[in-house]
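Let me begin by presenting the structure, written as structure tokens, before commenting on it.
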Amino acid sequence: MVKPTIQFIQGTNEQTIPDVRLTKSRDGSNGMAIFTFTEPSVFDSSTVVGDITGFYMIDEEGVIQSVDVNAKFVNGKPAGIEAKYVMRTPREWDRFMRFMERDIEWYMSCDKMASKLGRREPSRKSFYGGALAHRNTSGTMESSSAKTELWMKERCQWSLEAEYEWDSS
């Protein structure tokens, strides 16, 4: 299994766990994932390694990328990044969900290993809150989200909380 990663500078993995919000049109034809990183680690290395060139989600299937990346500054210093990934087809939505499923699977295996070794690795629970609680207009879970939520509940006993916003388009 290839470790799923998020990068802003190709070759440099982002260490900060983002908050994620999802929107999806009622007909399921398009949607958006909005990632908010507070004090991302890329700010520590960007002057040494290079410039932020985009938003890259990398796993064994390949790279999902976006150039919709905005830095937030407080008192002239970088404080956060908001990255948006627009999904224009159900196929792109499913691909994004597979990335998220792989990412949580990787971090859960790291959590288990760390527990055995007496260490604590970062959890991606908050990263998945929005996607896992996605509901369609009838209030039932969409297929890939439902599978992920069931898997999470069975394996982790986590209660999933999320904000979900319907896109009015």
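Values quoted throughout were computed directly from the atomic coordinates according to the rules given, and no laboratory measurement underlies them. It should be emphasised that the depicted structure is a prediction, and the values quoted were computed from it without experimental measurement. Heads up, the Cβs are rebuilt from the backbone with ideal geometry, glycines too, and the neighbour counts pull from every protein chain shown.
For Ile6, Ile34, which order do you get if you count the other beta carbons within 10 Å of each Cβ and list the fewest first?
Listed from fewest to most nearby Cβ atoms, that is Ile34, Ile6.
Please list, in chain and number order, the residues 5+ apart from Gln10 or on another chain whose amide H is under 5 Å from its amide H, with Hs placed from the backbone.
So Gln10 has HN proximity to Thr53.
How far, in nm, would the chain grow between Arg91 and Glu60 when pulled straight, counting 0.36 nm per residue and subtracting the alpha carbon separation?
Additional length available on full extension: 9.5 nm.
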